[in-house]
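Novice: This is the structure I want to talk about, given as structure tokens.
Every number in this text was worked out from the coordinates using simple rules, so none of it is lab data. On a predicted model such as this, the values are computed, not experimentally measured, just so you know. So basically every Cβ, Gly included, is an ideal-geometry build from the backbone, and we count neighbours across all protein chains shown.
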Amino acid sequence: MNTILMKAPAQRLRWRPTALAPEALLLLGGIGLYLLVPDDLGFATRVLIGALFALSLDLVLGYGGIVTLGQAALFGSGAYAAGLFALHLSGNPLLGLVAGAAAGAATAGLTGWLVLRSHGLTAVMITIAVAQVLLEVASKWRSVTGGDDGLSGIAVQPLFGRFEFDFFGHTGYWYALVVLLLVFAALRRLVAAPFGLTLVGLREDRVRMVALGCRLQRRLGTAYLIGGAVAGLAGALSAQVTQVVGLSSLSFAQSAEALVMLVLGGTGRLWGAILGTAVFMGVHHLASSIDPLRWMLVIGVMLLGVVLFMPQGLSGAVVSLWRRLQRRQEAA
Amino acid sequence: MTTTTTREGLVVRGLCRRFGALQVTSNVDLQLRPGARAALIGPNGAGKTTLVNLITGALAPSAGTVHLDGRDITHLDPAARARLGLLRSFQITRLFRTQTVADNLRQAVLQRGDRRLGLWRPVHTVPGLDEEVERALRLLQLHDRAQRRVADLAYGEQRLVELALAVAARPRVLLLDEPAAGVPQGESHVIVQAIEALPADLAVLLIEHDMDLVFRLARDITVLVAGAVLMQGSPDQVANDARVRSLYLGEHAHDAVA
Amino acid sequence: MSPLSLLASVAVDSLAYAMVLFVISVGLSITLGLMRFVNLAHGLFAVAGGYALVAAMARLGLPYEAAVPAALAAVALLAWPLERWLYRRLAGRSELDQVLFSIALVFIGIAGLGLLFGNAITAVRLPGYLQGSVSLGFRELPAQRLAALGAGVFTLVLLSWLMQSTRFGIELRAAVERPQAAQALGIRTTRVCSLAFALGAALAALGGVAGAELLPLEPHYPLKYLVLFLAVVAVGGLGSHWGLLAAALLLGTVETAAKYFVPGLSSIFFFTTMLAVLAWRPQGLFGRPV
């Protein structure tokens with residue numbers, strides 16, 4: 001049995017307790033947020049849902065390298081699916097989440113191959129177009145989706161029969177936090193698995209990977225599918241917690257905002273998505289009185305700044321700083 | 001399609017490639033049996049890279065066939081050919097720079113046709129994976145640099161990793177595109193030793209400009225000129241051929257044959 | 001209305017709409033083919049042309065005939081430094097970075113336009129001869145739409161002449177087909193890029209001006225119609241501008257006809273057609289197979 005590649009015994013022991021450090025940090029952050037804004041749990045929950053959505057985008061874009069401006073198609077699919085599920089089939093919240101994830105995965109499965117067959121501008125445009133088509137369909141199909149008014153009054157049964165989704169949003173918040181934690185942990189495992197390593201390889205040098213025999217379309221398709229499921233899950237959460245679903249869940253603005261949050265936080269690290277969402281939505285919350293146009297200007301300038309000066313995002317800056325500190329420690 | 005794969009190795013017959021009216025590859029025949037140590041030489045612009053691309057599937061032929069162990073792979077894409085055991089290394093290093101040497105090799109092992117990609121169990125728990133990586137590391141004496149990031153390695157070391165990557169994938173046929181290119185004079189012997197240490201049943205085609213390397217490593221040389229095969233033969237035959245001498249070898253022939 | 005006049009009516013409206021899409025999208029197609037740059041901000045040049053026209057007439061007091069060329073020139077002058085200082089900087093970067101950059105530009109542009117001109121639809125004050133309708137026999141056609149048709153024809157003629165008969169056009173075609181060979185031949189591709197970019201922006205502005213009736217001027221214009229321009233370019237493929245015209249005609253006709261017969265579903269028809277074409281030929285109708 002080899003010993004070179006397996007870490008030294010001392011290192012392996014040290015590895016175990018810190019393996020769940022990111023999840024623990026996220027939990028602490030979630031608790032902290034709860035304590036920070038106890039009167040505005042609606043906002044806090046939206047941050048968690050936004051982070052989950054940004055995670056889905058990080059998998060597709062940060063790890064899969066698929067540039068999409070239409071992730072809202074999958075979010076909205078999940079939202080409408082969960083909403084309709086609760087209104088017409090069953091109020092069980094967990095089943096509703098499954099419905100949402102399944103809808104997101106289905107939409108991704110049906111449209112992913114179209115996106116992956118194309119390159120560059122065409123591929124990006126297809127992602128935008130798919131979301132737009134779904135938006136049009138939702139807008140015109142009033143009998144099912146409520147059209148421009150959307151779905152409302154989505155009443156969800158108490159979680160496990162005990163925890164009611166009340167007006168104050170306590171249940172909703174912890175519900176969303178647990179879902180976020182579980183998905184984050186699952187995605188971290190996915191990324192550490194052979195599949196994840198393959199995605200990282202594809203992101204870095206597609207030609208090389210193909211020359212090694214990588215089944216490109218299959219791998220990217222799987223990433224897109226899983227990303228769709230997570231986005232659908234986020235949409236379902238949104239439907240259940242806010243109890244409404246609107247056309248905005250399918251909008252370009254929804255896709256673009258998620259992209260900005262992800263890029264701000266830094267792609268390809270998973271925790272960057274969460275960081276970016278927290279910062280972005282936090283700033284927006286503080287500047288809530290700003291009019292939409294000025295906010296658009298702020299987003300534009302911020303995005304421009306990140307692209308030109310900080311392409312690795314906030315998480316990239318943190319990592320660079322950490323590495324620099326480590327090198328200084330080693331030198332000392 | 002043959003159900004039993006015969007150990008013919010790589011068989012290229014009548015391979016042609018046209019770009020409009022320009023014939024870049026003309027009727028090339030080539031065979032690499034298991035254990036072959038062959039070289040492809042020719043002046044710049046002879047079409048060596050095009051031929052490599054045709055063999056690996058990066059370029060589709062205008063005519064001709066490519067067979068691997070009896071199986072027709074003429075219309076398969078590069079990834080499919082790679083999964084069947086036909087691999088190449090790149091002249092300009094293409095590695096996963098932000099990853100460690102070990103992780104680079106893991107990529108090669110994972111993409112082989114006989115593996116399914118897991119979604120859940122971490123990479124280092126995949127049975128047999130690390131053994132395969134170990135094997136490639138040992139073959140190229142890279143085990144002391146296994147945990148280092150490729151970006152932090154010297155170029156000569158990166159060329160070794162490039163070679164290790166191809167080896168880790170356990171190919172049946174390996175096309176080495178100028179493996180010593182860009183490596184400082186004093187370090188090229190490491191590459192040479194590595195190539196000499198390659199598995200005996202592997203078929204190797206070396207594309208090279210460095211005549212010392214070619215005469216040292218190859219038992220069979222194909223000379224390509226203007227997209228067509230000028231001659232094929234042993235190093236002696238090639239070195240002594242008048243056409244080859246006048247065209248290409250110049251004074252190297254004296255050093256090699258003497 | 002008799003079936004024949006109905007068809008003729010659809011045809012005329014489709015043609016006008018297609019021409020507007022064509023004129024605006026040409027610049028995007030050139031930028032993509034030449035610089036391989038995924039520029040999602042292209043619609044900004046179109047709407048900027050319209051707004052520049054309005055500003056030239058309202059704030060500078062220029063008559064329509066002078067304001068139009070002034071607006072086109074203004075947009076070209078705006079595009080030049082943008083390309084020189086920003087787009088060129090990002091030319092080698094990843095597709096994602098280019099998308100992000102152009103989205104950022106769009107956001108900033110929309111905000112700027114909104115703050116300068118207000119959120120509502122801004123109408124262009126047309127001169128008398130463009131205000132009324134022209135009688136075509138089977139119906140009345142707004143004179144504006146006729147002008148849009150004219151702009152399309154003008155663009156076609158201009159491009160054909162440029163590409164075939166001028167040094168710039170020949171160099172442009174060479175740079176699109178084989179960039180390295182073009183540079184080796186001594187063609188200054190950066191200069192060609194800058195000129196082509198400015199030309200594309202000016203043409204977009206022309207489309208924005210000529211199409212202001214069909215695509216009304218409002219701050220969110222670049223995002224609202226982004227998919228339209230992208231779709232025309234994608235469906236046309238990176239071949240000649242004739243391919244682009246064909247794509248504009250196809251998509252324009254489908255959407256206009258749908259507006260006549262199944263009004264609520266016109267967008268869905270547009271997108272379905274586009275997705276169907278791309279499913280069949282990912283490189284577009286006239287693009288080179290990848």
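Novice: Can you give the log10 of the normalised intensity I(q)/I(0) at q = 0.07, 0.08, 0.13 Å⁻¹, computed with Debye over equal Cα scatterers of chain A?
Specialist: So the normalised log intensities are -0.30, -0.39, -1.01.
Novice: Still on this structure: Which whole number gives the average count of other chain Cβ atoms within 10 Å of the Cβ atoms across peptide C:82-93?
Specialist: 1
Novice: Using only the alpha-carbon atoms of chain C, report the extent along each of the three principal axes, biggest first, to the nearest angstrom.
Specialist: For chain C, the Cα spread along each principal axis is 60, 49, 37 Å.
Novice: For the pair A:Val279/C:Ala181, report the inter-label distance in nm, with labels modelled 7 Å from Cα in the Cβ direction.
Specialist: Computed distance between label sites A:Val279 and C:Ala181 equals 4.7 nm.
Novice: What relative contact order, as a whole-number percentage, does chain C give when Cα pairs under 8 Å and 6 or more residues apart are counted?
Specialist: Relative contact order for chain C comes out at 35 percent.
Novice: If you don't mind, another one. May I ask you to derive the relative contact order of chain B, considering only C-alpha pairs under 8 Å and at least 6 residues apart, and to give it as an integer percent?
Specialist: Once normalised by length, the contact order is 27 percent.
Novice: Once the convex hull of the alpha carbons of the protein assembly as shown is built, what does its volume come to per residue, in cubic angstrom?
Specialist: Output value, Cα hull per residue: 212 Å³.
Novice: Could you calculate the contour length gain from B:Arg97 to B:Asp29, that is, 0.36 nm times the residue separation minus the distance between their Cα atoms, to one decimal place in nm?
Specialist: So the chain would gain 20.8 nm between B:Arg97 and B:Asp29.
Novice: Right, next: Would you please give the FRET efficiency between B:Met231 and C:Trp280, computed as 1/(1 + (r/R0)^6) with r the Cβ-Cβ distance and R0 = 45 Å, to the nearest 0.05?
Specialist: 0.40
Novice: Also, I was wondering about something else. For Cα pairs less than 8 Å apart in space and 6+ apart in sequence, what is the mean separation divided by the residue count of chain A, i.e. the relative contact order in percent?
Specialist: Result for chain A is 31 percent.
Novice: So for the pair C:Trp85, C:Ala120, with labels modelled 7 Å out along Cα→Cβ, what separation do we get in nm?
Specialist: That separation, rounded to one decimal, is 3.5 nm.
Novice: Output the DSSP H helices from chain C with an along-axis C-alpha extent of no less than 18 Å and a mean Kyte-Doolittle hydropathy no less than 0.5.
Specialist: Helix filter hits for chain C: C:3-35, C:42-58, C:64-81, C:95-117, C:143-165, C:189-210, C:241-261, C:266-280.
Novice: Please list, by residue number, everything in segment A:23-47 whose backbone N is under 15 Å from a paramagnetic label point 7 Å out along Cα→Cβ of A:Leu181.
Specialist: A:23-35
Novice: For all pairs of alpha-carbon atoms in segment A:196-265, what percent lies in each bin of width 10 Å, listed from the first bin to the last filled one?
Specialist: Going out from 0 Å in 10 Å bins, segment A:196-265 shows 17, 35, 29, 16, 4 percent.
Novice: Quick one, what does Rg over Rh come out to for segment C:84-153 if you take C-alpha atoms and the Kirkwood Rh?
Specialist: 1.22
Novice: At q = 0.12, 0.17 Å⁻¹, what is the base-10 log of I(q)/I(0) for segment B:114-252 according to the Debye formula with one equal point scatterer per Cα and no solvent? Please give it to two decimals.
Specialist: Here the Debye-derived log intensity ratios amount to -0.60, -1.00.
Novice: Oh, and also: What ranking of B:Asp212, A:Asp39 emerges when the number of other C-beta atoms within 10 Å of each C-beta is taken as an exposure proxy, fewest first?
Specialist: Ranked by crowding around the Cβ, least crowded first: A:Asp39, B:Asp212.
Novice: Could you give the Stokes-Einstein D for segment C:103-220 in µm² per second, using the C-alpha Kirkwood radius, 10 °C, 1.306 mPa s?
Specialist: Estimated diffusion coefficient is 92 µm²/s.
Novice: Also, I was wondering about something else. If N is the number of residues in segment C:167-214, what value comes out of its Cα radius of gyration divided by 2.2 N^0.38 Å?
Specialist: 1.45
Novice: Starting with the fewest neighbours, write out A:Arg269, C:Arg288, B:Arg37 ranked by other beta-carbon atoms found within 10 Å of each beta-carbon.
Specialist: Lowest to highest Cβ neighbour count: C:Arg288, B:Arg37, A:Arg269.
Novice: Taking a quarter of the surface of the convex hull around the Cα atoms of segment C:1-130, what do you get in nm²?
Specialist: 10.8 nm²
Novice: Still on this model: What does the convex hull of the alpha-carbon atoms of segment C:202-286 project to on average, in nm²?
Specialist: One quarter of the hull surface, i.e. the mean projection, equals 5.9 nm².
Novice: What do you get for the angle between helix A:72-84 and the principal long axis of chain A? Use alpha-carbon atoms, 0 to 90 degrees, nearest ten.
Specialist: Helix A:72-84 sits at roughly 50 degrees to that axis.
Novice: Next question, about the same structure. Can you return the aspartates and glutamates within cross-link range of B:Lys48? Criterion is Cα-Cα under 13 Å, with same-chain partners fewer than 8 residues away left out.
Specialist: Within the straight-line cut-off, B:Lys48 pairs with B:Asp177, B:Glu178, B:Glu208.
Novice: Assuming 0.36 nm per residue, please report the length gained on full extension of the stretch A:Val37 to A:Met310 beyond their Cα-Cα distance.
Specialist: 95.3 nm
Novice: What full-extension length gain, to one decimal in nm, is calculated for A:Leu28 and A:Leu216 as 0.36 nm per residue of separation minus the Cα-Cα distance?
Specialist: Full extension of this stretch gives 63.9 nm more.
Novice: For the residues A:Leu35, A:Leu177, what sequence is obtained by ranking on other C-beta atoms within 10 Å, fewest first?
Specialist: Listing A:Leu35, A:Leu177 from fewest to most nearby Cβ atoms yields A:Leu35, A:Leu177.
Novice: If I take R0 = 60 Å and measure r between the Cβ atoms of C:Trp242 and A:Gln157 in this structure, what FRET efficiency does the formula 1/(1 + (r/R0)^6) give, to the nearest 0.05?
Specialist: The pair C:Trp242/A:Gln157 has a calculated efficiency of 0.50.
Novice: Straight-line reach only, C-alpha to C-alpha below 14 angstrom: list the aspartates and glutamates that A:Lys140 could link to, leaving out same-chain residues fewer than 8 apart.
Specialist: A:Asp148, A:Asp149
Novice: Over the protein assembly as shown, what is the percentage of antiparallel beta bridges among all DSSP beta bridges, to the nearest 5?
Specialist: 60 percent
Novice: Sorted from largest to smallest, which semi-axis lengths in Å does the alpha carbon gyration tensor of chain B give for its equivalent ellipsoid, taking the root of 5 times each eigenvalue?
Specialist: 31, 23, 16
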